[in-house]
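A short worksheet on the structure shown next.
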Amino acid sequence: MNASASVPTSAESLRSALGGLLDGLPPKQATAAVDRLIASYRGRTPTDAPVLRDRSDVAAYAAYRMPATFEAVRSALDALAEAAPGWSPESHVDVGGGTGAAVWAVDAVWDGPRDTVVLDWAEPALALGKELAASSGSQALRAAEWRRAVIGSGLALPEADLVTVSYVLGELTPEARRAVVAEAARAGQAVALIEPGTPEGYLRIREARDQLIAAGLKVAAPCPHDGTCPIEVGRDWCHFSARVSRSSLHRQVKGGSLPYEDEKFSYVAATRFPVEPAPSRITRRPQIRKGLVQLDLCGPLSEGLTRVNVTKRHGDLYKAARDADWGQEWPPATS
C-alpha cells in the first residue's frame with residue numbers, strides 16, 4: 001500500500017485499531033497472559049489445542065504480538081512480491097490467523113485481495129480479529145470471512161491464490177505440522193510460511209521448505225534456488241529482522257524503554273507459477289567500515305554462502321551497499 005501524508009499506513013491503522021484493547025483489563029493479568037503466550041510463541045509447547053483461550057489472552061496477544069507479526073509477515077510478503085512482479089492475489093486463506101495480523105500485512109502489500117478467509121481454532125481470536133478488521137479503512141479487511149477450524153491433521157482448505165501460515169507451525173505436533181504444510185501446498189498457488197527467527201523456528205521452516213519443493217512448488221524467497229539449504233544445522237540458522245515501532249500499548253503490557261524493537265523471523269515463500277528469485281540474499285546485517293561494506297550472502301546453488309567486501313572503488317555499488325539492509329536481494333535490482 002502506498003501511503004501519503006493524508007492516508008495512514010496499514011501499520012498506523014493497526015496501531016489505532018489496537019488502541020483501546022486493554023481498557024478494563026488489569027495490567028497484571030495482561031502481563032501474565034503475555035508471558036505465557038511468549039513461551040508458546042517460542043515453540044516450546046507444541047499441542048493440538050489453541051494457544052489463545054479467552055478474551056484476556058486474545059487482547060494481550062493482539063496488543064503485544066500483532067504489530068511484530070504484521071511487520072515480519074509484511075517483510076516476507078514484500079520479498080514474494082519482488083520475486084513475482086505484476087502478480088497479486090485475488091484470494092487469500094490465512095491458516096491459524098488468530099486476530100488477523102497476516103491479512104493486514106497482505107492488505108499492506110497488495111491493497112487487499114477481494115476474497116479473504118481467516119481460519120483459526122480459537123473463537124475469541126476470530127471474534128477480536130473481525131472486530132479489529134471492521135474498524136479498518138480497507139474494504140478487503142472489512143469483507144474478510146472469519147471461520148473456526150481445527151488446525152492440524154484433517155484440515156481442508158479452499159483453493160486460493162495465496163495461503164499464509166504465520167507463527168503457527170510451532171504450536172503443532174510434527175504430524176499436524178506436516179499435514180498443514182501439505183494442505184497449504186495443495187490449496188495455494190503461492191504459499192508463505194513464517195516462524196520465529198529462532199534455531200527451532202528455522203528448522204521448522206527448513207523442513208516445510210523441503211516439503212513445498214517436493215510438492216512441486218518453486219521457492220520465490222528468501223532463497224535464490226530450490227536446492228538444499230547450505231547452512232549446516234547446529235552451526236547457524238537462516239533468519240531476518242523487521243523493525244517494529246513500540247506503542248504506549250506495547251509498553252503497557254511488556255515494558256521496554258526503546259521506541260522500537262527488532263522482530264526476528266524465518267520464512268519461506270513458494271509458488272506454482274514462474275518467479276524471479278533474488279540473485280543473492282543478504283543474510284546478516286551489513287557491516288559498514290571506513291571505505292568498505294561487508295556483506296554475508298546466500299547465493300546461487302553453485303556458490304552457497306559467501307562473504308563479499310564492497311569498497312569505494314566499486315562506485316555506485318558501494319553506495320548501494322551502504323544503503324543495503326539485512327534480508328534484501330543483492331545486487332539491488334536496477335530500474
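Computed quantities for the displayed model
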| quantity | calculated |
| --- | --- |
| Computed log₁₀ I(q)/I(0) - Debye formula, equal Cα scatterers, no solvent, the stretch 172-322, q 0.10, 0.13 Å⁻¹ | -0.46, -0.74 |
| Solvent exposure of the stretch 68-128 as accessible area per residue, Å², 1.4 Å probe | 26 |
| Summed residue charge, Cβ within 9 Å of Val95's Cβ, Lys/Arg positive, Asp/Glu negative | -3 |
| Sites Asp111 and Ser302, calculated FRET efficiency, Cβ-Cβ separation with R0 30 Å, nearest 0.05 | 0.20 |
| Local electrostatic count, Gln287, Cβ distance below 10 Å [Lys/Arg +1, Asp/Glu -1] | +3 |
| Segments 230-236, 116-122 sorted - mean Cβ within 10 Å per residue, highest first | 116-122, 230-236 |
| Hz values of 3J(HN,Hα) by residue in the stretch 95-110 - Karplus curve (6.51, -1.76, 1.60), Gly and Pro given as x | 8, x, x, x, 8, x, 4, 5, 6, 5, 5, 4, 4, 5, 7, 10 |
| D_trans [Stokes-Einstein, Kirkwood Rh over alpha-carbon pairs] for the stretch 62-194, 4 °C, 1.567 mPa s, µm² s⁻¹ | 90 |
| Apportionment of accessible area to carbon and sulfur, the stretch 163-204, percent (1.4 Å) | 55 |
| Highest-first arrangement of 193-204, 79-90, where packing means the average Cβ count within 10 Å | 193-204, 79-90 |
| Loop sites in the stretch 106-179: trypsin sites (Lys or Arg not before Pro), DSSP, at most 13 other Cβ within 10 Å | Arg114 |
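The values are calculated or read from the model by the stated rules, or taken from the named source; none is laboratory data. What you see is a predicted model, and the numbers here were worked out from it, not measured in a lab. Using ideal geometry, Cβ is built from the backbone for each residue, glycine included, and neighbour counts are taken over all protein chains shown. Ligands, DNA and RNA are excluded from the accessible area calculation, which covers all protein heavy atoms including side chains. Shrake-Rupley method; radii C 1.70, N 1.55, O 1.52, S 1.80 Å.
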